[in-house]
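The values are calculated or read from the model by the stated rules, or taken from the named source; none is laboratory data. Owing to the predicted nature of the structure, the values given are computational and were not obtained by experimental measurement. Virtual Cβ from ideal backbone geometry, glycine too; neighbours counted across all protein chains shown. Just so you know, the surface numbers come from the protein's heavy atoms only, side chains and all, with ligands and any DNA or RNA stripped out. Shrake-Rupley method; radii C 1.70, N 1.55, O 1.52, S 1.80 Å.
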Amino acid sequence: MNVLVTMPFGDALLDRIRAVSPEVSVTRADAERADYAEVDVLYTMAVPRRVARAPRLKWVQLHMAGPDSIHDHPIYTESTVALTTTSGVHAGTIAEYAISVMLALAHRVPRMVEWKNRGRWPPDEQRWPLFVPTEIRGATLGLVGYGSIGRELARIAKTAFGMTVLACKRDPSQRRDLGYQRAGTGDPDGVLPDGWFAPDGLHELLARSDVVVMCAPLTRETRAMFDAKAFRAMKPSAYFVNVGRGGSVDEKALVQALKDGRIAGAAIDVFAQEPPPKGHPLYAADNVIVSPHVSGFLPTYDDNCTDLFAENLRRYLAGAPLLNLVDRAVGY
């Protein structure tokens, strides 16, 4: 069986894939110049537009957590080639990011940086109103999306901060996590949430939450899910964090909600257009943390993805179910 890797992996990573089985021939090539004619399995971030270039292709392991960038690709819309993702590989670091910005907003860290840059302390009579924090311990965390990221967030929130956790997912009756998860992380059996909500209960979750984290994949159903009505449903004291996809948020509605004081602040790592255009209003908002789509950065990302691919390759050879298999009907 021929496996082609079009990522810039060195020999050490390729050898870990080769070690799966002597039946597998693993080669590496640039995605644009690669010969796909004899490829059975492809590991890539750039799928060839012409599926006919790979007549033997049976499975593509995508080097990305969500397949939304290829929803209109012929391999997604016109083929039955199996697609898998790297969902779960960076769940831990994204959860840490979400916790970091949640605490930063609650403890007024952006305002501290602002005063540091002024080179002075505020007058004593202003220190309390400027810096009294929002209490996170015992607060309610609303998770929109309960995949690997949401589950790790729930674990940290409950064990470290005693938070009440509310979870919204496409089908809340399916509580187990069947995707890839690193040992010791997350909530594989779905036992941590104190409340479960289907998408039609989103606004109830928002009304009850002190912090809302968007960590759902981008699909037809989640596109612009956070619109003006959603932000109006939130508490004026609540914070909004987006580590999912920019397309899930109506950014104009978010900006207006912040201006009108409908929510207390936000941390945004993903945008509909990346990078956002110069002068984007979220850059100037003093109650917003903006980061350049870095919440999933992980120095061991390629290593962990290789481990996941090797495990999936073992499963493929054994005829076992693949981890993170994309369901085209639901979009992820």
Most to least accessible of His63, His107 (protein chains only, probe 1.4 Å): His107, His63
Whole-angstrom Cα spans of segment 2-85 along principal axes, big to small: 34, 25, 22
Degrees separating the helix 148-161 axis from the principal Cα axis of the chain, which is the longest one: 40
Stretchable slack from Gln174 to Lys259, in nm (0.36 nm times residue separation minus alpha-carbon distance): 26.8 nm
Amide hydrogen neighbours beyond the local backbone of Arg28, cut-off 5 Å, H modeled: Val5
Alpha carbon convex hull of segment 151-193, projected area averaged over orientations, nm²: 3.1
Nearest-10 value in Å² for the accessible area of Val191, using the 1.4 Å probe: 110
With DNA, RNA and ligands ignored, accessible area of Leu178 (1.4 Å probe; Å², nearest 10): 130
Check: the chain dipole with +1 on Lys, Arg Cβ and -1 on Asp, Glu Cβ, in debye: 520
Listed residues Arg151, Arg56 arranged by accessible area, highest first, probe 1.4 Å: Arg56, Arg151
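Any idea of the accessible area per residue across segment 214-332, 1.4 Å probe, to the nearest Å²?
Normalised by residue count, the accessible surface of segment 214-332 is 47 Å².
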Segment 228-332 shape via C-alpha gyration tensor axes, a/c threshold 1.5: prolate
Gyration tensor verdict on segment 114-236 (Cα atoms; rounded if a/c is under 1.5, prolate if a/b is larger than b/c, oblate otherwise): prolate
Compactness index (Cα Rg / 2.2 N^0.38 Å), the chain: 1.09
Per-q log10 I(q)/I(0), segment 51-102, q = 0.28, 0.32 Å⁻¹ (Debye; single scatterer per alpha-carbon; no solvent): -1.10, -1.24
Histogram of C-alpha separations across segment 35-148, 10 Å bin width, %: 11, 27, 18, 16, 14, 11, 4, 0
Apportionment of accessible area to carbon and sulfur, segment 269-332, percent (1.4 Å): 59
Scattering curve values for segment 81-183, log₁₀ I(q)/I(0), Debye with Cα scatterers, q = 0.13, 0.17, 0.24 Å⁻¹: -0.61, -0.85, -1.28
